[in-house]
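Here the structure is laid out as structure tokens; the discussion comes afterwards.
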Amino acid sequence: MYIISANIYRQVLSMDNRPIRLKLLRGLLGDEVFSALSRCGEDGENSLADLLFLFYNRKKFPEAGLDVCKYTEKLILCDDNALSRALAAGRDCDDIIRRAFFSDIRAINGMLSAVKGEWVVFSGGLFGGGSEDGIYSFLKKYHAENGYGIFTQSYAFARSGGTLLPLSCGGANAPSLEGLKDYAAEKQAIDDNVCAFIKGLPCPDMLLYGERGTGKSSTVHAIARSHFKDGLRLIELPGHDGGELAAVRRSVADSPLKFLILFDDISIDSADGDLSRLRYSLEGTADIAANTLIAATSNRRHIVNEKFSDREDAVHADDIMDEQLSLSDRFGLKVFFPATGKAEYLSIVRQLADDEKLGIAEAELAALAEKWAILNGGRSPRAARRLIDRLAACKALGIRPQF
């Protein structure tokens, strides 16, 4: 059991025994640490011990340290509420919403100050204890640049169990346009279409097709990441699961943000229901959200196997072929990523090596690159990236690369 100082114990006993009552920021009560904070007056020593256990051992917001104000600020910035949504849309919120928000801020400040002491840090109030106008100006800028709710946490999300969750690729190692070498025309065509989408201009759904490892999905990720502060987020769905598209569109239809929905590696070779569901979802139905754009990747332009032998067991081969080709036709913009030749492959390897400052001579690097391609299925931007990662690791460990 934790040893509780007499000073903190008296402060806890003096707290109102009821959990904090919030008008706008009730989503904070779903966080176990904040919920424990709100219950600190219920059972004196035991409730404070529970709080300290959660606070010291939590995984969320480690950058906040032991400062309850900074921790709670992070929760507020990630909360989905009427004020954060309005500011994310570039609008001022209604006065009644603003007053409810700052009423909650005052209540939370009082709660946090009651548990300050030798076990946790209270840094003088939320958002530095600034004025309401100062805090509002900060929030207005923050939400305009970072969105609201869960969408402040990453540029990319996946759907699991009916809920959107941030993808781990949203950190410092996420794909960047600078890290994707060559294919300049292909990247420009996709980015131009995404920019039109963000600005509310006409823009077709996109199909990116070509050899494996040429950077199709990485390009979509990198472009989405580059437009984070423009209010764009990426939602990644499995390439075979067209049935999820309608649900995703409904879930974000009232959001002020824009969403690029990525179907990665579409390849449907049979007459199962996934084909019909995906084709139907891509058609111009009335429930399509204006804030969503589709991007799909495939190893084939027409999404289907184009040799009759691949479909020789089909009972209605012609009907299936028509259905599959009609799916491809739903994409108004098709961007081809060609296979990487030897010269292009070595160019990509050299550019990546220069970025990592590996300091390997041209001839030696070319020999390593060719050997790596032979052992790893051919030349491609993906193979080049993996080679450079391996060489960078070997350099950091001070060992000679062996493969």
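In the set (1) buried (at least 17 other Cβ atoms within 10 Å of the Cβ); (2) assigned to a loop (DSSP other than H, G, I, E, B); (3) modelled with pLDDT of 85 or more, the condition left unmet by residue 33 is number (2).
Within the range 153-160, at least one residue is within 24 Å of residue 337 (Cα to Cα) and either without any contact (Cβ under 8 Å) to a residue 40 or more places away in the chain or not in a loop (DSSP other than H, G, I, E, B) (or both).
In the set 204, 238, only one residue is more than 15 Å from the chain's Cα centre (by Cα), within 26 Å of residue 150 (Cβ to Cβ) and modelled with pLDDT under 95; that residue is 238. All conditions in (1) more than 17 Å from residue 138 (Cα to Cα); (2) at pLDDT 95 or above; (3) not charged (D, E, K, R) hold for residue 113, with the sole exception of (2). The residue that is surrounded by the most Cβ atoms within 10 Å (Cβ to Cβ), among those in the range 162-177 that are under 16 Å from residue 252 (Cα atoms) and either in contact with a helix residue (DSSP H, G or I) (Cβ under 7 Å, 6 or more places away or on another chain) or at pLDDT below 90 (or both), is 164. Those helices (runs of 4 or more DSSP H) of the range 63-131 in which 3 or more residues are surrounded by fewer than 17 Cβ atoms within 10 Å (Cβ to Cβ) occupy 95-113. Residues satisfying the criterion are absent from the range 53-71 (criterion: of a type in the set (Gly, Ala, Ser) and modelled with pLDDT of 90 or more).
Conditions tested, residue by residue: (1) crowded, with 19+ Cβ neighbours inside 10 Å; (2) modelled with pLDDT of 95 or more; (3) under 35 Å from the mean Cα position of the chain (by Cα).
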{"site": "327", "(1), (2), (3)": "yes, no, yes"}
{"site": "339", "(1), (2), (3)": "no, no, yes"}
{"site": "351", "(1), (2), (3)": "no, yes, yes"}
{"site": "376", "(1), (2), (3)": "no, no, yes"}
{"site": "384", "(1), (2), (3)": "yes, yes, yes"}
{"site": "387", "(1), (2), (3)": "yes, yes, yes"}
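Residue count for the range 205-260 under the criterion of being touching a residue at least 40 places away in the same chain (Cβ under 8 Å) and either of a type in the set (D, E, K, R) or in a strand (DSSP E or B) (or both): the result is 21. Scanning the range 247-261 for residues that are among the basic types (Lys, Arg) and under 18 Å from residue 166 (Cβ atoms) yields a single hit, 258. Against the condition buried (at least 19 other Cβ atoms within 10 Å of the Cβ), in contact (Cβ under 8 Å) with a residue 60 or more places away in the chain and acidic (Asp, Glu), how does residue 186 come out, does it pass? It is true that residue 186 is buried (at least 19 other Cβ atoms within 10 Å of the Cβ), in contact (Cβ under 8 Å) with a residue 60 or more places away in the chain and acidic (Asp, Glu).
The values are calculated or read from the model by the stated rules, or taken from the named source; none is laboratory data. The shown structure was predicted, so the numbers you read here are calculated from the model rather than taken from an experiment. Positions of Cβ are backbone-derived with ideal geometry, glycine not excepted, and every protein chain shown enters the neighbour counts.
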